[in-house]
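These notes concern the structure reproduced below.
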Amino acid sequence: MTLLNVSDLTVTLATSTGDADAVRNLSFSLDGGEILGIAGESGSGKTMTALSIMGLLPYKGKASGSINFDGKEVLGSSKKKYQHMRGKEISMIFQDPMTSLHPMLTVQTQLTEHMRYHDKMSKSAARESALKLLDTVKIPDPASALRAHPSQFSGGMRQRIAIAMALACEPKLLIADEPTTALDVTVQAGILRLLHQIRDERNLSIMIITHDLGVLSSLTDKILIMYAGSEVESGPARELLSNPRHPYSQGLIAALPGASREGKFLTSIDGMPPELGNFPSGCAFHPRCGFAEDRCSVPPIDATVVSKGHRIYCPVNPFAHDRVEQS
Amino acid sequence: MILSPNTRKTLKALETPTEKKGKGSTNSIWRQPLAIVGLTIIGVWVFVAVFAPWVAPYDPYSQEFDKFIPPSAEHWMGTDELNRDILSRVIYGARISLPYSILLVVLSTIIGTIVGGVSGFFGGRVDATLMRITDMFFAFPGIILAMAVAAALGPEIRNAVIAITIVAWPVYARLVRGLILNSKSSDYVTASSLLGSSSIRTLFVDLRPNISGPVFVLMALEVGTALLLLSGLSFLGLGATPPSAEWGAMVSMGAVNFDRWWVGLFPGIAILTAVLAFNFIGDTLRDALDPRTAKALRD
Amino acid sequence: MKPVPVLTPVTKTLFTGTGLTPFIIRRLLTAVVLILGITFIAFSVTQLVPGDPVAANLGQSAYSDPDIVAAFKAEYGLDQPVHIQYITYVGNLLQGNLGISLSSKRPVAEDLREFFPATLEIALVAVFVALVLGVILGTISAMTRDRLPDQIIRVFSLTGVSMPVFWTALTAFYIFFFVLGWAPGTGRLEPGAEPPPQVTGMYTVDALLDGDFATASQAVSYLLLPALVLAVFALGVITRFTRASVLEILGNDYVRTARSKGLPERVVIRRHVLRPALLAIITIAGVAFASLLAGSVLIENVFSWPGLGQYAYKSAVGLDLPGIMGVSMIVATVFIFMNLLVDVLYRVIDPQMKDSK
Ligand SMILES: Nc1ncnc2c1ncn2[C@@H]1O[C@H](COP(=O)(O)OP(=O)(O)O)[C@@H](O)[C@H]1O
Ligand code: SF4
Ligand SMILES: [Mg+2]
């Protein structure tokens, strides 16, 4: 059953040189209990995609297209509707746990305020529930943690608190925007394991955003790869990771530590991702792509279905034969 | 001088490097409504000041009328205690207040830039000493020192300018020092010192464009403050003195005859509009320079 | 990322290591140096410019009599070389002696005790009014960023800081006293009324301490107009600053987190935005307060308010160095201690802050 269906989402932001589309005609969907991974280099519009679902785009940001959640259109909802949805139906955890928790409020306040608002809980009931949540996310000594301020915890612990906050009202969808990027490698695995476990226990859907594909390999059911605000490839996680078809995805995957370096795979992607407002025409990747042809810079670039649920936005599809032969 | 909170905020904003602020934003400043209103008002005052003899209906010093005529068709702003036409005096007043305020700002900028430049450029003990002194001026209630100096020098507008300059320069010093320290660490100064250009050259030629912009914005913001202080001293009798048609001094005549409302009202409005105009421009410029409003909380 | 202990008791972060007490002591020492520096500036600047305090304080005929002039100089130590005068002054100062005023012929400390509370009273009311209104207006402004209410408030507050305060005083006095008759007039109390016994020197407070409500309410009615006039400038400043602070804090990640939890906007603003913004705003209010103390010099003569401003004016005109220094020091002290207080508050409320400073 489809929980979230995003179609043709375009996000326009105000920049110093005028309006620019940070997300372009993005479509994807997510079933109940499923984990979707969204990957792409920094600046590719992943966060803006997430924020447009939450209705939290930055000042002067606009979203168009359609975002259907649980059977209802969300985009363009009233402030009230968004408020009732946020935290309750969909919740989000952010990239940097050092800045995303309020420095001056106690953990208890931050963990219970939305429970009390959404679920009209009494103070003591919310506290009880908060203790359980802290236990779920494996914070030692929950009772004294409630009294503490975020500054008294390490980054990994803070991210666990943030996860507890996000789970407080038992949402159907959890959006995790680079939940481990700001953390030490050793701490990362713990957080990922926790997310996985939460999905299994609570049967909630998770949309996990990252610029590090390695994070996704063990965790996700589906993967969407973005470049310059557009989808370049999407498909079932296992298939996409083992058999990426878009040159950009191939580059990302080849750049992973431990990836096989044989064949014609790129080992790294040269150059920098384009800046917002200066996206190249056609396939935005063409200035950096080793396989670019003239037609690559001519829009529109249409989707090519590789197999069921797996598509790429690259008419050239350079490795199709190699891969087919190999398999 | 106790740093006005606005000025603090500005200093902070001005000192933050401007690389990312595109050219487009600076140009569009002049299309912002408040800036347009500000420019228009200043344009009007400049015009009035330059063409005062033609614009003013009467001689500002002539005492040929009755005293205390309320505003009327002949005397739009009435006449004062000494039988003079207030409109003509307000018009001629623009010839005093505007140029002296600007002079004051320019003098403070020159002194502040030299002190801040020396401090930022030489660093070390020189910097520490100069900045300690600047700090003291910041903690000093400027108007009181200005009053004392103006009183000592004798009531005259030129002396008031000197007095206020003595308390106004530290703002510029701090800004220029901050800018130099910022640019010093930036790559292109390193590059130009590698290319062997002399240090003094670096200071005056290479850094100039980085410094002049923010300093200009600060100047725009400070003209208003200067005008308020200058007319304030004149109001107290420590600046321009009778019969000079200075706006602050004219308001003080209104204070003596407060029941004749027109005597003080119009010169005060003249001050208000001129200061407001500069503040409109300064505020717009600052907003353009500082779109993300810095990280002031932690500073 | 540096490792942070899982749980540290608040008290531990506060009172050990680079704790609060050494911080306060360091800052107090700096304050003393600053204040001495201020006396030095006042002294040297007034020495550098020509001006004869003897002439300013003696009448025409007395000034032409060399004996009287010599006696005057001897009495106030003006016959000593400049550096001796300064050293003497600082020596006395360190013993708490501010010297004798040339113009009032009384100890400066005594003058200040009389005049400072009068100004303090209106400045406190002014800052309080400006703070309450300014925070409300500034928050509205930030929340309606670039829309009509914001534009109106922006023009309004810029006008506030652009009004010459002496003219505002005059105009307000004309309207509220002369035309409308709402304000009672000039001075601190009705002519001939007995001031309450001095405790703080602020009539309202002293009358209340004395249980004399009639005098207290009379004192309030007299101080309201000058206080509100002073508040206009501070209001503009605080409104603009609140807007900027709120906008800045609205951009913080933790505000986005609060919103992502679906809290109503008013809760987000009150709990998550204003709380951290308030510290910065109070800092500015503190600075504004100190500048109001000095700025009151421009309105006190309009309201015949016998405060620090009038005293400063008389000292300046009389080239009365001890008087000028007394006023400067008291204002600077308020300024420095406001800053200190706020810095201490910062550290107590948010131990994180000191790391990022
Ligand atoms: N508040 C903003 N205003 C304008 N542009 C922004 C803003 N925030 C982000 N951007 C730009 O939008 C683009 C997409 O950003 P984002 O979605 O955060 O990328 P990602 O999460 O994939 O790293 C980037 O180019 C970024 O610079
Ligand atoms: S469309 Fe062309 S440029 Fe884009 S990825 Fe495919 S081959 Fe490369
Ligand atoms: Mg991101």
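The values are calculated or read from the model by the stated rules, or taken from the named source; none is laboratory data. Because the structure is predicted, anything quoted here is derived from the model rather than measured. Here Cβ is always computed from backbone atoms with ideal geometry, including for glycine, and neighbour counts include all displayed protein chains. Protein only, heavy atoms only, side chains kept; ligands, DNA and RNA dropped before computing areas. Shrake-Rupley method; radii C 1.70, N 1.55, O 1.52, S 1.80 Å.
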Ignoring everything but the protein chains, give the 1.4 Å probe accessible area of residue C:188 in square angstrom, nearest 10.
20 Å²
Out of the DSSP beta bridges found with both residues in chain A, what percent are antiparallel (nearest 5)?
60 percent
Helix-only estimate, please: 222 nm mean residue ellipticity of chain C, summing -39500 (n - 2.57) across DSSP H runs of length 4 or more and dividing by its residues, to the nearest 500.
-22500 deg cm²/dmol
Expressed as a whole percentage, what fraction of the accessible surface of the stretch C:108-349 belongs to carbon and sulfur atoms when a 1.4 Å probe is rolled over the protein heavy atoms?
68 percent
Per residue, how many Å² of accessible area does the stretch C:19-94 show with a 1.4 Å probe?
57 Å²
Which of the residues in the stretch A:92-109 show a loss of at least 30 Å² in accessible area from their chain by itself to the complete set of protein chains, at a probe of 1.4 Å?
A:94, A:98, A:99, A:100, A:102, A:103, A:104, A:105
Tally the DSSP beta bridges in the protein assembly as shown and give the antiparallel ones as a percent, rounded to 5.
65 percent
Using only Cα atoms, locate the centre of the stretch B:144-172 and the centre of the stretch C:323-350, then give the distance between them in Å, rounded to an integer.
25 Å
With every protein chain left in place, what is the accessible area of residue C:271 in Å² (1.4 Å probe, nearest 10)?
80 Å²
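Per residue, how much accessible area does the stretch C:108-349 show when a 1.4 Å probe rolls over the protein heavy atoms, in square angstrom?
Heavy-atom accessible area per residue stands at 35 Å².
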Quick one: which residues, 5+ away or cross-chain, put their amide H under 5 Å from the amide H of residue A:37? H built at 1.01 Å from N.
A:208, A:221, A:222, A:223, A:224
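Kirkwood hydrodynamic radius of the protein assembly as shown from all distinct Cα pairs, in Å?
Mean inverse Cα-Cα distance, inverted, gives 32.3 Å.
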Once phi for every residue in the stretch C:248-262 is put through the Karplus expression 6.51 cos²θ - 1.76 cosθ + 1.60 (θ = phi - 60°), the whole-Hz ³J(HN,Hα) values, with Gly and Pro written as x, are 5, 6, 4, x, 6, 4, 5, 6, 4, 4, 4, 5, 5, 8, x
With θ set to phi - 60° and the Karplus curve 6.51 cos²θ - 1.76 cosθ + 1.60, what are the ³J(HN,Hα) couplings of the stretch A:217-233 in order, to the nearest whole Hz, using x for Gly and Pro?
4, 8, 10, 9, 8, 10, 9, 10, 10, 10, 9, 6, x, 10, 6, 10, 7
Counting only protein heavy atoms and using a 1.4 Å probe, what share of the accessible area of the stretch C:19-94 belongs to carbon plus sulfur, as a whole percent?
67 percent
Within the set A:172/A:308; A:132/C:261; A:46/A:72; A:79/A:222; A:62/A:120, which residue pairs have Cα atoms separated by over 21 Å?
A:172/A:308; A:46/A:72; A:79/A:222; A:62/A:120
Could you identify which residue out of A:71, A:43, A:235 has the top mean-square fluctuation in a GNM of chain A using Cα springs shorter than 10 Å?
A:71
Rounded to the nearest 100 Å², what is the buried accessible area between A and C, both sides summed, probe 1.4 Å?
3000 Å²
Rounded to 10°, Cα long-axis angle of helix C:66-75 versus longest principal axis of chain C
40 degrees
Square roots of five times the C-alpha gyration tensor eigenvalues of the stretch C:209-356, ordered largest first and given in whole Å, equal 38, 20, 14
Interface residues in the stretch B:121-147 - accessible area drops by 20 Å² or more relative to the isolated chain, probe 1.4 Å
B:136, B:137, B:139, B:140, B:141, B:143, B:144, B:145, B:147
May I ask you to list the residues of the stretch B:216-242 whose amide nitrogen lies under 19 Å from a point 7 Å from Cα along the Cα→beta-carbon direction of residue B:59?
B:242
Label points 7 Å out from Cα along the Cβ direction at residue A:281 and residue C:62: separation in nm?
9.0 nm
Skip the ligands, DNA and RNA, and give the accessible area per residue of the stretch A:86-160 with a 1.4 Å probe, whole Å².
36 Å²
Expressed as a percent, the accessible surface of the stretch B:33-101 that is carbon or sulfur, using a 1.4 Å probe and the full set of protein chains, is 68 percent
Nearest 10, in degrees from 0 to 90: the angle of helix A:155-167 to the longest Cα principal axis of chain A is 80 degrees
Solvent-accessible surface (1.4 angstrom probe) belonging to residue A:222, in square angstrom, nearest 10
50 Å²
Taking a temperature of 10 °C and a viscosity of 1.306 mPa s, what whole-number D in µm²/s does Stokes-Einstein yield for the stretch C:19-94 with Rh from Kirkwood over alpha carbon pairs?
107 µm²/s
Give, in nm to one decimal, the length gained when the segment between residue A:42 and residue A:185 is fully stretched (0.36 nm per residue of separation minus the Cα-Cα distance).
49.6 nm
Find the sum over both chains of the accessible area lost when C and B are paired, probe 1.4 Å, and report it in Å² to the nearest 100.
5300 Å²
Taking the chain alone as reference and the full protein assembly as comparison, with a 1.4 Å probe on protein heavy atoms only, the residues of the stretch B:231-274 that lose at least 30 Å² of accessible area are B:235, B:236, B:251, B:258, B:259, B:261, B:265, B:272
Would you pull out the residues with amide H under 5 Å of residue A:175's amide H, same chain only if 5 or more places away, H placed 1.01 Å from N?
A:91, A:92, A:93, A:207
I'd like the Karplus ³J(HN,Hα) series for the stretch C:109-123: coefficients 6.51, -1.76, 1.60, θ = phi - 60°, whole numbers in Hz, and an x wherever there's a Gly or Pro.
4, 5, 4, 4, 4, 7, 8, 4, x, 4, 6, 4, 4, 6, 5
In nanometres, what is the gap between the two model label sites at residue C:110 and residue B:122, each 7 Å from Cα along Cα-to-Cβ?
4.7 nm
Please build a GNM for chain C, connecting alpha carbons under 10 Å apart, and tell me which residue among C:248, C:300, C:114 fluctuates the most.
C:248
